[in-house]
Structure formats: C-alpha cells, structure tokens
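Q: Before I ask anything, let me first share the structure, which is written out below as structure tokens.
Each value in this text was obtained by applying a stated rule to the coordinates, not by laboratory testing. The structure displayed is predicted, hence computed values, not measured ones. Positions of Cβ are generated from backbone atoms using ideal geometry, with glycine treated the same way; all protein chains shown enter the neighbour counts.
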Amino acid sequence: MNKTYFEQVKETAAFIKEKVGEMPHIAIILGTGLGDLVNHIEIKTELDYHDIPNFPVSTVEGHSGKLIFGNLGGKYVMAMQGRFHYYEGYDMKQVTFPVRVMKELGVCTLFVSNASGGMNKEFRVGDVMIITDHINLFPENPLRGKNYEEWGPRFPAMTEAYSKGLIGMADDIAREDGIRLMHGVYVGTPGPTFETPAEYEYFRVIGGDAVGMSTVPEVIVANHAGIRVFGVSVITDLGGKDITEVPTHEEVQKAAVKAQPVMTHIIKRMLERI
C-alpha cells in the first residue's frame with residue numbers, strides 16, 4: 001500500500017531524528033555554487049540524500065546531495081547541500097518535501113540562497129541581493145491539492161514572505177562591516193532555459209529585479225508552515241535587450257563562488273545574533 005505524502009513526511013522526519021538525535025531550529029538551503037558554506041560548519045552528522053527514505057536526489061551539477069547538521073556562527077543548524085528544482089522533473093510536492101520535513105523536525109527559521117540573473121540596472125555581476133519579495137511564475141503551486149490543517153491554513157497570507165526583522169538584521173551587519181548589499185524582488189520561473197532578452201525586460205516591467213529557477217516553492221511552503229524566511233540571491237549574470245553576453249551554467253557557478261565570502265559572512269553574523 002502506497003504511503004500518503006503526509007505519511008512520507010512523518011516517516012522521513014522520524015528517520016532523521018533517530019539518526020541525528022538533537023534537532024536544530026535553524027535550517028539553510030544552499031543554492032548553485034554556494035555549497036562552500038558547508039566548509040564553515042563544524043559538522044556533527046551528515047546524511048546522504050540517497051540514504052534518507054522518501055527524499056528526492058539532486059541531479060544538477062553543483063548540488064551535492066547531503067543533509068548536514070552542525071554548528072555555524074555559534075548556532076546549531078541543518079544545511080541542505082543541494083536542492084531540488086521543478087525543471088529536473090520533480091513535482092512541487094517533491095521540490096518542497098525537505099521544507100515539510102524541516103517543519104516536522106522543529107525548524108522555525110529558514111535561510112535560502114540562490115544564483116540569479118539580474119535585470120535591475122543598478123546591479124553588477126557578483127552583487128549579493130537580499131530578497132524582499134517574490135513573483136511566482138511557476139505553473140504549479142506547491143500548496144495545490146489536499147491541505148493538512150496540521151501543516152498550515154488552506155489560504156496562507158504571503159504579505160511578509162521574507163522576514164522584515166531578518167532583512168533589517170542583515171542591513172545592520174552590512175552597514176557595520178562596509179558590505180554592498182542590494183535589495184530586490186525575485187522572479188521564480190520553471191526553467192531550465194536561461195531567459196530571452198524580451199523575458200528579462202518583461203520581468204523588469206512587472207516589478208522584478210532578479211530571476212531564477214528555484215526558491216519560490218520552498219518559501220511558499222515555509223510560510224504556509226509558519227517558518228520565517230531570509231532569502232539571499234547572488235547576481236551571477238545580467239540580462240535585458242541591451243545585454244549581449246550569453247549566460248552558461250559554468251559562468252553562473254564561477255560568479256556564485258566569487259560572491260561566496262560575502263554571503264557566508266552575512267549568514268554567519270546573522271546566526272550569531274539570532
């Protein structure tokens with residue numbers, strides 16, 4: 001007999017608790033080229049996605065596929081080294097499965113990071129953008145289907161999808177440490193193609209500052225579950241009708257790695273203050 005999605009989440013959470021023991025209240029989802037943050041974690045336990053029941057497995061270069069538990073910035077955290085994308089062929093329930101498991105394990109604060117293409121004319125490649133809001137252009141919502149009241153309300157508000165308190169904390173740290181931090185609206189698209197110049201212009205006209213192929217589904221589910229979110233995006237390429245450079249996954253990874261020290265510094269300092 002096939003298990004329901006609800007039962008799968010419960011089973012996975014129980015497995016992780018048994019293997020790891022103490023559970024953190026803070027989780028981090030590491031995006032393209034940003035997995036190096038793991039090198040700053042004092043690791044206590046790590047689990048391969050392959051070994052976790054019901055867990056999807058990442059198929060994208062730059063996404064390792066490990067769930068890591070340890071100390072960072074003086075706090076005990078859980079880190080996903082490698083996330084799941086809609087374009088890999090997963091449905092939204094699979095893409096957001098880890099966030100459901102996080103809630104079941106007691107996580108109440110989630111850090112999400114990604115690489116994105118910028119259309120804000122003030123942005124430069126390598127900039128770090130705090131996500132203040134998003135526009136969801138995915139064809140499927142992760143909350144579609146049966147709603148489990150234990151997990152959250154049928155119609156959750158998305159008024160403050162990204163915590164203003166955490167954004168303010170990051171801004172304070174940036175001012176104190178002389179770091180250039182941008183703010184912007186992230187547009188979530190299904191991918192896997194990079195955007196056309198006309199699409200970049202369209203995203204800018206509708207209010208977007210950067211565009212990527214992840215994050216929005218996880219943030220929707222986190223908000224549904226009552227988890228506060230801090231999102232950060234590394235601008236790895238620029239797009240628009242006046243941009244002629246052709247983006248590649250390799251170039252995106254290089255730019256993300258270059259910006260890694262800034263993102264690592266911000267997140268570590270934030271963890272010290274939480």
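Q: Return P(r) of region 178-274 (all Cα-Cα pairs; 5 Å bins starting at 0; whole %; ordered from short to long distances).
A: Taking all Cα pairs of region 178-274, the binned fractions are 2, 11, 18, 22, 21, 15, 8, 3, 1 percent.
Q: Rg/Rh for region 42-135: what does it come to with C-alpha atoms and Rh from Kirkwood?
A: Values: Rg = 15.2 Å, Rh = 15.3 Å.
Computed over Cα atoms, the ratio is 0.99.
Q: Can you tell me what percent of all Cα-Cα pairs in the chain are more than 31 Å apart?
A: Tail of P(r) above 31 Å: 21 percent of Cα pairs.
Q: Can you find, among ASN147, GLY117, ILE179, the residue sitting farthest towards the positive end of the charge dipole of region 87-201, where Lys and Arg contribute +1 and Asp and Glu -1 at Cβ?
A: Checked the options; the winner is ASN147.
Q: Can you give the convex hull volume per residue for the Cα atoms of region 35-194, as a whole number of Å³? Numbers along the way, then the final one.
A: Working: hull volume 24.3 nm³, N = 160.
Output value, Cα hull per residue: 152 Å³.
Q: Give, in whole angstrom and from largest to smallest, the semi-axes √(5λ) of the equivalent ellipsoid of region 176-233, with λ running over the eigenvalues of the Cα gyration tensor.
A: 22, 19, 10
Q: Once you've got the GNM for the chain with C-alpha springs shorter than 10 Å, pick whichever of GLY106, GLY31, GLY239 has the biggest mean-square fluctuation.
A: Fluctuation is largest for GLY106.
Q: Near the amide H of VAL187, under 5 Å away, which other amide H atoms are found, from residues 5 or more places off or on another chain, if H is placed in the peptide plane?
A: Under 5 Å from the amide H of VAL187 lie the amide H atoms of ILE135, ASP209, ALA210, VAL211, GLY212, each far enough along the sequence or on another chain.
Q: Return the single residue from ASN54, ASN147, ASN71 with maximal mean-square fluctuation; model: Gaussian network over the chain, springs between Cα atoms under 10 Å.
A: ASN147
Q: Let me ask something else about it. If you place +1 on the Cβ of every Lys and Arg and -1 on the Cβ of every Asp and Glu, how big does the dipole about the Cα centre of the chain come out, in debye to the nearest 20?
A: 580 debye
Q: Over the Cα atoms of region 120-232, compute the convex hull volume and normalise it per residue, giving Å³.
A: Values: hull volume 12.4 nm³, N = 113.
Cα-based convex hull of region 120-232, divided per residue, equals 110 Å³.
Q: Further question on the same structure: Considering only the other residues whose Cβ falls under 14 Å of the Cβ of TYR202, what net charge follows from Lys and Arg at +1 and Asp and Glu at -1?
A: So the surrounding residues net to -2.
Q: A further question on this structure: Once amide H atoms are placed 1.01 Å from N in the peptide plane, what residues at a sequence separation of 5 or more from ASP127, or on another chain, have their amide H within under 5 Å of its amide H?
A: It is ILE235, by chain and number.
Q: When you take every Cα atom in region 113-170, what is the radius of gyration, and what is Dmax, the widest Cα pair distance, in Å?
A: Cα-based Rg and Dmax for region 113-170 come out at 15.4, 43 Å.
Q: Please list, ordered by chain and number, the residues whose modelled amide H lies under 5 Å from the amide H of LEU30; skip anything fewer than 5 residues away on the same chain.
A: For LEU30, the qualifying residues are MET80, GLY82.
Q: Counting only Cα, what are the radius of gyration and maximum Cα-Cα distance Dmax of region 1-41, in Å?
A: 14.3, 43
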